[in-house]
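Let me begin by presenting the structure, written as structure tokens, before commenting on it.
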Amino acid sequence: MCSTASFRLYIRVKELPDVLKHNNLFKICSQVRQISTSPRKNTVMPAWVIDRYGSNEVLRLNKNMLFPAINYPNEVIVKVHAASLNQIDVNMRSGYGASSLNMTRDPLNINSSSTEFPLILGRDLSGTVMECGINVKYFKPGDQVWAAVPPWKQGTLAELVVASGNEISLKPKVLSHIEAASLPYVILTAWAALVNSCGLKKDNCPGKRVLIVGASGGVGTAAIQLLKAWGGHVTAVCSEDAFNLMKDLGADDVIDYKAADLEVQLKPRELFDVILDNVGGTTEKLALQFLKPWSGATYVTLVTPFLLNTDRLGIADGMMRTGVTLSSKVVKHLCKGIHYRWGFFTPSGSSLDEISELVEAGKIRPVIEEVFSFSEVPKAFNKVEGGHARGKTVIRVTESSK
């Protein structure tokens, strides 16, 4: 790996006569495959890592993780002030999705270490840009940013993290770092489901009837606010103790799934244009009954078998099984005049830019259930793993952050 200075020297060496091009410096720099603006440093940082998959005891505070380095010209290094946990972090700790994620981390199998460990978990961040790659045009050191880092990258439960310039966005000024860290992953997951999968946007959302199953969790609370900001009509399904939260976020109608059979409670209501399912299981059966047929109505679920299939069957067979499952369900629902979709988190700085405008306008706000210190990360994992969340669990990585 050559630093920027070494790379400039390499360019000068290329201009020397051939007889001088066989020195060691030329040989070393000729092997450069990636231009880095950040040389490897023997500087360490604290980070919560896992060295194997398992339950909560595999979490370990490593105070000697090497500082990350910029390996590609579009990357930035961010000092993390706050992070938050999502269910995917608990699942990844247990090994869920390891086959697919490892293939994404090293698609050509050229990683000499042949292991993903030590692995840093955590997807959300709010922090300060410390260093930028040479192709980063819209950010500079000192910028306050927020982002959700994709699961195939090292995570945000660390002092520093590397992210693509396409994944970060300027943090809304009205939010503290603690508040900002609670939103990116869940709001981008909701965005991917509603915008990318269902085609909803501010221009066509007014008046659309949307049913959200599992509405009191992180994605559900984000989806309610996004839909209401765009003028949609939201029916939220949750337990009774979350009713006040649902109403406070703007839900037009709230259903207690414990009070009576959900199917019975939905029958008197008008049909829906969209069903967003955060729960899975038997909920899919509701799509055929309670969506408007032949009107472009869409059922989208965030509970898919893709990673489970690749973990159990391997990459090739798992993808084939997943393709068959998805195709059969698409055809089944299409025959009834309904679109069937799967929703997946998609990192996107440009989407966060649009979301930031809604936050600044007061139309979207963070919903935080509990804040933990950096030393309490295992307790935070226990909290998320317990389920029944009423908002997000946030980690204060820098003690001075607010």
I'd like the full set of residues that are under 22 Å from the mean Cα position of the chain (by Cα), in contact (Cβ under 8 Å) with a residue 40 or more places away in the chain and farther than 22 Å from ILE275 by Cβ, limited to the stretch 316-350. PRO347, SER348, GLY349, SER350
Taking the stretch 294-304, which residues are assigned to a loop (DSSP other than H, G, I, E, B), in contact with a helix residue (DSSP H, G or I) (Cβ under 8 Å, 6 or more places away or on another chain) and crowded, with 17+ Cβ neighbours inside 10 Å? LEU302
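Results for (1) open to solvent by less than 60 Å² (accessible area, probe 1.4 Å); (2) in a helix (DSSP H, G or I); (3) among the hydrophobic types (A, V, I, L, M, F, W, C), shown as yes or no for each residue.
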{"site": "VAL331", "(1), (2), (3)": "no, yes, yes"}
{"site": "GLY337", "(1), (2), (3)": "yes, no, no"}
{"site": "LEU352", "(1), (2), (3)": "yes, yes, yes"}
{"site": "GLY362", "(1), (2), (3)": "no, no, no"}
{"site": "GLU370", "(1), (2), (3)": "no, no, no"}
{"site": "ALA380", "(1), (2), (3)": "yes, yes, yes"}
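Looking at LEU313, LEU271, LEU307, LEU286, can you tell me which residue is touching a residue at least 12 places away in the same chain (Cβ under 8 Å), open to solvent by 60 Å² or more (accessible area, probe 1.4 Å) and in contact with a helix residue (DSSP H, G or I) (Cβ under 7 Å, 6 or more places away or on another chain)?
Values: LEU313 fails: touching a residue at least 12 places away in the same chain (Cβ under 8 Å); LEU307 fails: open to solvent by 60 Å² or more (accessible area, probe 1.4 Å); LEU286 fails: open to solvent by 60 Å² or more (accessible area, probe 1.4 Å).
Checking each option against the conditions leaves just LEU271.
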Of (1) out of contact with any helix residue (DSSP H, G or I) (no Cβ under 7 Å at 6 or more places or on another chain); (2) buried (at least 24 other Cβ atoms within 10 Å of the Cβ); (3) at pLDDT below 95, GLU240 satisfies every one except (2)
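How about the stretch 191-219: which of its residues are open to solvent by 50 Å² or more (accessible area, probe 1.4 Å) and assigned to a loop (DSSP other than H, G, I, E, B)? Write out each step before concluding.
Taking the stretch 191-219 as the starting set, the residues that turn out to be open to solvent by 50 Å² or more (accessible area, probe 1.4 Å) are 196, 201-204, 206-208.
Scanning the stretch 191-219 gives LYS201, LYS202, ASP203, ASN204, PRO206, GLY207, LYS208.
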What is the residue count in the stretch 222-246 for residues that are part of a helix (DSSP H, G or I), closer than 24 Å to ALA192 by Cα and without any contact (Cβ under 8 Å) to a residue 40 or more places away in the chain? 3
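Looking at the stretch 245-303, which of its residues are among the acidic types (Asp, Glu), over 19 Å from THR189 (Cβ atoms) and in contact with a strand residue (DSSP E or B) (Cβ under 9 Å, 6 or more places away or on another chain)?
Just the residues of the stretch 245-303 that are among the acidic types (Asp, Glu), to begin with: 248, 252-253, 256, 261, 263, 270, 273, 277, 284.
The next check asks that each one be over 19 Å from THR189 (Cβ atoms); those that pass are 248, 252-253, 256, 261, 263, 270, 273.
Within the stretch 245-303, ASP252, ASP253, ASP256, GLU270, ASP273 qualify.
The values are calculated or read from the model by the stated rules, or taken from the named source; none is laboratory data. Please read all numbers here as calculations on a predicted model, not as lab measurements. Note that we place each Cβ from the backbone using ideal geometry, even for glycine, and neighbour counts take in every protein chain shown. Side chains are part of the model used for accessible areas, which takes the heavy atoms of the whole protein and leaves out ligands, DNA and RNA. Shrake-Rupley method; radii C 1.70, N 1.55, O 1.52, S 1.80 Å.
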